[in-house]
Amino acid sequence: MSTHIVAMGGGGFSMSSNGAPTSLDRYVVDLAGARAPLVCFAPTASADNATYINRFLMAYSGLGVRTMVLTLWQGAAESVRRLPEADVVLVGGGNTANLMALWEVHGVSTALRRMAGDPDRTTVLGGISAGAACWFEGCLTDAFGDLRGWRGGLGLLPGSFCPHLDGEDRGAVYTQAVASGMIPGGYGVDDGAALHFVDGELSRALAEREGAHALHVMPSDEPAASGVLTEILSAELI
């Protein structure tokens, strides 16, 4: 049994033009290896936005899955109690800092760590933007207004994460945050690309569109490196 984490820089049903599921959505579902897996959507970072929830339900209704929604503004206790039943936990985008604060208060962080550490089950975790950054030790976020490095997250994956690397021109700010030591080295991921980790180790980079890629960014003391070394990760089109 393994724990899979799929961290999307952007893409999936959240960013598709018509709200339809994409190849990244199907990839995440397939990892469960189960017939009609139970997919739990966590819209915490968007304040349990009803439109976002409905968009998820519409998108995933055609994927042969069962669905549930983790809601923390209403019915939190029952929602968190049911969370371990999920085969897949998919986390939506929004405010990363608010996401982590609410998860800590309501015990979601504890439940997810237990699920990820259970050797007797296959657990699939994933998400887009804030829903991808939450699995790491730190990230680049605009949760506080400006773009900045922030050391916050579940820490199920080492290092840091920067979503929307190409879509919001975040690359320069991210590399500066890593170079300064504000956040640890990690990964910057384009819209339409994702990283798949298995039991904490990077397995592959994925893309649902041509040209989407990911960067591995690490701090460096080499004089010619400007504080960081970067490596382009070749993304497999799915």
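The single residue among Val108, Val69 that is without any contact (Cβ under 8 Å) to a residue 60 or more places away in the chain, within 26 Å of Val198 (Cα to Cα) and in contact with a helix residue (DSSP H, G or I) (Cβ under 9 Å, 6 or more places away or on another chain) turns out to be Val69. Close contacts from the stretch 138-159, counting a first residue that is more than 22 Å from Val108 (Cβ to Cβ) and a second that is hydroxyl-bearing (Ser, Thr, Tyr) and open to solvent by less than 10 Å² (accessible area, probe 1.4 Å), with Cβ to Cβ under 6 Å and a gap of 6+ residues or different chains, come to Leu140/Tyr174.
Within the stretch 1-54, restricting attention to residues that are open to solvent by less than 30 Å² (accessible area, probe 1.4 Å) and of a type in the set (D, E, K, R), which residue is nearest to Arg81 (Cα to Cα)? Step by step, filter the stretch 1-54, then rank; the result is Asp48.
Candidates Leu99, Leu57: the one that is in a helix (DSSP H, G or I) and buried (at least 19 other Cβ atoms within 10 Å of the Cβ) is Leu99. Please verify whether the stretch 1-9 includes one or more residues that are among the hydroxyl-bearing types (Ser, Thr, Tyr) and in a loop (DSSP other than H, G, I, E, B). Yes, some residue in the stretch 1-9 is among the hydroxyl-bearing types (Ser, Thr, Tyr) and in a loop (DSSP other than H, G, I, E, B).
With respect to the conditions (1) in a helix (DSSP H, G or I); (2) at pLDDT below 95, Glu104 lacks only one, and its number is (2).
The values are calculated or read from the model by the stated rules, or taken from the named source; none is laboratory data. Note that the structure is a prediction, hence the values are computed from the model and not measured. Don't worry about glycine lacking a Cβ; one is built from the backbone with ideal geometry, like all the others, and counts go over all protein chains shown. To get the accessible areas, we keep the full protein, side chains included, count just its heavy atoms, and leave off ligands, DNA and RNA. Shrake-Rupley method; radii C 1.70, N 1.55, O 1.52, S 1.80 Å.
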